[in-house]
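Laboratory data are not the source of any read-out in this text; all were calculated from the coordinates shown. No experiment lies behind these values; they were computed from the predicted model shown. Backbone-built Cβ (ideal geometry, glycine too); neighbour counts: all protein chains shown.
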Amino acid sequence: MSDSPAQSPADAATRVFVSYRELLFSVVYNMLGSIADTEDVLQETWLSWAGRSRHSPMAEIDNPRAYLVRIAVNHALARRAGINRRRETYVGPWLPEPLVTDTAADPPADTVDTADRALRAETVSMALLVVLETLTPLERAVFVLHEVFGYAHTEIADILDRSPSAVRQLAHRAREHVHARRPRYQAHPRVQRQATERFVSAALGGDVGALMEVLAPEVTLWTDGGGKARSALRPIHGREKVARTLTGYSSRPPQGLDIQYRSVNGDPSAVIFAGDAPYAVMVMDLTPEGDQISSVYLVSNPDKLSAVRRDEDAAPPDGKPDPLERGQDRSASRAPTDSGPSGDPNATRRSPHR
């Protein structure tokens with residue numbers, strides 16, 4: 001007989017939720033494109049899960065993973081309506097909230113937070129997230145679950161409480177829509193990093209000639225300032241217009257800009273700080289030849305940069321603590337977070353979609 005005390009129902013519920021939190025974060029973020037809304041959905045999911053576990057034994061839930069995903073997806077669909085209402089009054093183009101991870105290739109597991117691990121497990125690029133914004137909420141949910149996470153149509157039907165035939169129709173429409181609009185080329189990370197460095201150097205330096213060389217003739221620039229930072233009110237098309245716009249931004253830059261090259265939604269990108277505060281995130285797509293930039297996504301809305309922190313490896317040598325580091329609320333009413341690798345090696349399923 002074991003000398004260890006029996007695990008309480010509350011502890012068992014917490015352990016199960018934490019083991020799947022990485023998966024839930026990734027699914028919901030890909031459905032919403034917002035870290036803040038994703039965290040709110042995870043909180044709602046935790047409250048639903050904790051309430052269920054208090055009233056029924058855990059053993060009665062045959063498949064906790066499927067149960068939690070169903071709760072999270074349906075909470076995300078309900079929150080999507082609120083996001084759409086906010087977008088109706090949003091100033092200028094709306095871009096997904098960038099998910100920034102550290103530059104280290106393989107950091108110790110106990111130092112990687114949920115967002116980092118989720119992104120390494122299932123990454124959807126900024127460009128694809130922009131395309132997903134043009135789907136209906138149900139189409140997007142089906143696309144994310146089927147194309148990104150590999151769920152079968154019958155599984156998705158159970159999650160959404162729809163018939164398998166209805167799910168297949170949603171999947172077909174979403175797939176055709178996305179495939180007609182998503183980028184056709186994914187650059188090698190080293191090539192993308194080099195192009196990003198050339199672009200940022202030219203843009204911040206106001207070098208029109210260098211910008212004209214690195215930008216493709218049909219390049220498009222999306223700038224998201226949300227009415228709180230300088231940005232264009234609509235997408236800008238064409239190399240000359242984009243170059244003029246970017247050099248105009250660089251004519252009055254704030255003092256003390258610091259550039260860190262980080263992974264943003266899985267792609268090598270530029271994260272710019274003004275002093276200690278995040279100033280902008282720049283993500284680029286390349287042409288199939290890999291030598292010019294075809295799309296630029298520039299997020300400067302401070303509300304969408306609140307989760308961005310400096311990479312500790314790139315911190316100033318004075319040893320000052322990261323002023324953007326935020327403490328975590330560990331109270332019982334908050335959704336528990338995972339402090340180590342997911343307990344389920346099959347928590348996420350790889351996908352070629354980017």
Ranked on Cβ counts within 10 Å of their own Cβ, fewest leading, M212, M282 go M212, M282
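Which of the trypsin sites (Lys or Arg not before Pro) found in the range 194-251 are loop residues per DSSP with 16 or fewer other Cβ atoms within 10 Å of their Cβ?
When the trypsin sites (Lys or Arg not before Pro) of the range 194-251 are filtered for loop state and at most 16 Cβ neighbours within 10 Å, K228, R230 remain.
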In vacuo Debye scattering of the range 189-314, one point per C-alpha: log10 I(q)/I(0) at q = 0.11, 0.19 Å⁻¹? -0.33, -1.07
How long are the semi-axes of the ellipsoid equivalent to the range 7-56, from square roots of 5 times the Cα gyration tensor eigenvalues, in whole Å, largest first? 23, 11, 7
Order these by the 10 Å Cβ neighbour count, fewest first: D207, D267, D276. D276, D207, D267
